[in-house]
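Undergrad: Could you have a look at this structure, given as structure tokens, before my questions?
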Amino acid sequence: MTSTAVLDDARRLAPLISERAAETEAARCVPEDLAALLGAAGFFRLYVPATLGGREVDPFTAFQVVETLAAADGSTGWTSFILNTSFFTSWLDPGVAKELLSTEPDSGMAGLFAPIGRAVPDGDTAFRVTGRWPFNSGSPHASWFCQGVLVFDGDKPRMLSEQMPDWRFVFIPAADSEILDTWHVAGLRGTASNDVTSTEALVPEERTTNPVFRPAPHDGTLFRWSFFGILSTLMAGFPMGVARRALDEFTTLASTKSRGGGVALADTDAGAIAIVRAEASLRAARAYIFDVIGDAWDTALRGDGLSPAQRAGLRMGAHNAMRVGLDVTNTVFAMAGGGALYDDSPLQRCWRDIHAGSHHIFFSDDHVLKTGRVWLGRPTDDWLV
């Protein structure tokens, strides 16, 4: 499937996703039949190499697919891009990755790669994995879970160096995992971002990796980028899509909505000024994302790796997308008045969803700080960029 076809499918399905947004939120999960349509369109395997059965789209397309789905419904957009955890298999041996991905060809993978699980060696070629991982978005639609663990020697983590423990991503089949019904929240209600547990799950060593520190065994253009650089293009699409929907909803509402005095917002000075500033801010943030993606993509197409500034630029684009997305959504939600508070208001859902998404650690000040230090050429954990 070409990149154009994948994006066309996102635009084709967007009205249906939007129409069923209330259903998704009420169920606290994307409905099974809708998830099947998303999977069949390739939205859960955007970056998986074609040689492994994936779509292998370019980052411009991946960003726009997530943006389009998130504009239709924040929960569906978030679920879809998180289920692209499937592309983490690209750092496994290709034969092993193909085996995992072929179990359910259109399904996605969920997980939390923070190393809060425990892996204990079982012989020389496997581990017993135990843990409880929160925030597994799209959990009912995952055929595998990719979870973060530390490898233990006795009671202490195994150390690879004085400062670096043996942190791995492990792939555990859904059959060896238990989904706990924990996702009762204010925003992104339809993402089923439940806790998942595994107890003494047997994981062969060949199903472990760490994309943060290891190169992928593929020569594709995308894999000349860093792991977090690739992830940035998916993360950036979410706030851009949700804010776009909020702004479009406000633009429509402004023609009829008044805030006292019977004058429509569209006919007030405040309304006119707000729409100009919000529209310009959102478009500028989107243009910056395309600028940093384009610069990094051109470098990779030449066969080169990215410079620290290019890697930081990709992270900055995503951080800025969330910051601007929040500002735009907050502005129009406040101006829309009391009517925006009702459950049937898309503006209210946009406001709750983008605030929920902003709590992801990817958008935290700690990650922004490390990105800034890389940009300034100062010592830091630059593997996070």
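Each reported figure results from applying straightforward, stated rules to the coordinates on display, with no laboratory input. Remember, it's a predicted structure, so these values are computed and weren't measured experimentally. Don't worry about glycine lacking a Cβ; one is built from the backbone with ideal geometry, like all the others, and counts go over all protein chains shown.
Undergrad: Sticking with the crude label model, points 7 Å out along Cα→Cβ, report the distance from VAL212 to ASP93 in nm, one decimal please.
TA: 2.5 nm
Undergrad: Give, in nm to one decimal, the length gained when the segment between THR125 and GLU279 is fully stretched (0.36 nm per residue of separation minus the Cα-Cα distance).
TA: 49.9 nm
Undergrad: Across the stretch 107-115, in residue order, what do the Karplus-derived ³J(HN,Hα) couplings come to in whole Hz, using 6.51 cos²θ - 1.76 cosθ + 1.60 with θ = phi - 60° and x for Gly and Pro?
TA: 7, x, 10, 10, x, 9, 8, 4, x
Undergrad: Using only the alpha carbons of the stretch 48-157, determine the length spanned along each of the three principal axes and report them from longest to shortest in whole angstroms.
TA: 48, 30, 23
Undergrad: Then there's this: In which sequence would PHE43, PHE213, PHE362 go, from the one with the fewest C-beta neighbours within 10 Å to the one with the most?
TA: Ranked by crowding around the Cβ, least crowded first: PHE213, PHE362, PHE43.
Undergrad: List the residues whose amide H sits under 5 Å from the amide H of GLY108, counting only those 5 or more places along or on another chain, with H placed 1.01 Å from N in the peptide plane.
TA: SER143
Undergrad: Pull up all non-local amide H partners of PHE127: gap of 5 or more, or a different chain, and H-to-H distance under 5 Å with H placed in the peptide plane.
TA: Those lying under 5 Å, H to H, from PHE127 are ASP122, VAL203, GLU205.
Undergrad: Also: Could you put PHE88, PHE63, PHE113 in order, starting from the residue whose Cβ has the fewest other Cβ atoms within 10 Å?
TA: PHE113, PHE88, PHE63
Undergrad: Also, quick follow-up: What shape does the stretch 85-220 have by the C-alpha gyration tensor, where a ≥ b ≥ c are the square roots of the eigenvalues, rounded means a/c under 1.5, and otherwise prolate means a/b greater than b/c and oblate the rest?
TA: oblate
Undergrad: Something else now. What list of ³J(HN,Hα) values in whole Hz, one per residue of the stretch 197-208 in order, does the Karplus curve 6.51 cos²θ - 1.76 cosθ + 1.60 (θ = phi - 60°) give from phi, with Gly and Pro shown as x?
TA: 10, 9, 10, 6, 5, 7, 10, x, 4, 5, 9, 10
Undergrad: Going by C-beta contacts inside 10 Å, put LEU231, LEU69 in order with the fewest on the left.
TA: LEU231, LEU69
Undergrad: With springs only between Cα atoms under 10 Å, which of GLY237, GLY337, GLY325 fluctuates most in a Gaussian network model of the chain?
TA: Between GLY237, GLY337, GLY325, it is GLY337 that shows the largest mean-square fluctuation.
Undergrad: Right, something else. Rounded, prolate or oblate: which fits the chain, taking a ≥ b ≥ c as square roots of the Cα gyration tensor eigenvalues, rounded meaning a/c under 1.5, else prolate when a/b beats b/c?
TA: The shape class here is prolate.
Undergrad: How much of the calculated P(r) for the stretch 221-384 lies past 23 Å, in percent of all Cα pairs?
TA: Summing the P(r) of the stretch 221-384 above 23 Å gives 45 percent of all pairs.
Undergrad: Also, quick follow-up: Please work out the ratio of the alpha-carbon Rg of the stretch 3-90 to 2.2 N^0.38 Å and round it to two decimals.
TA: Normalised by 2.2 N^0.38 Å, the Cα Rg of the stretch 3-90 equals 1.01.
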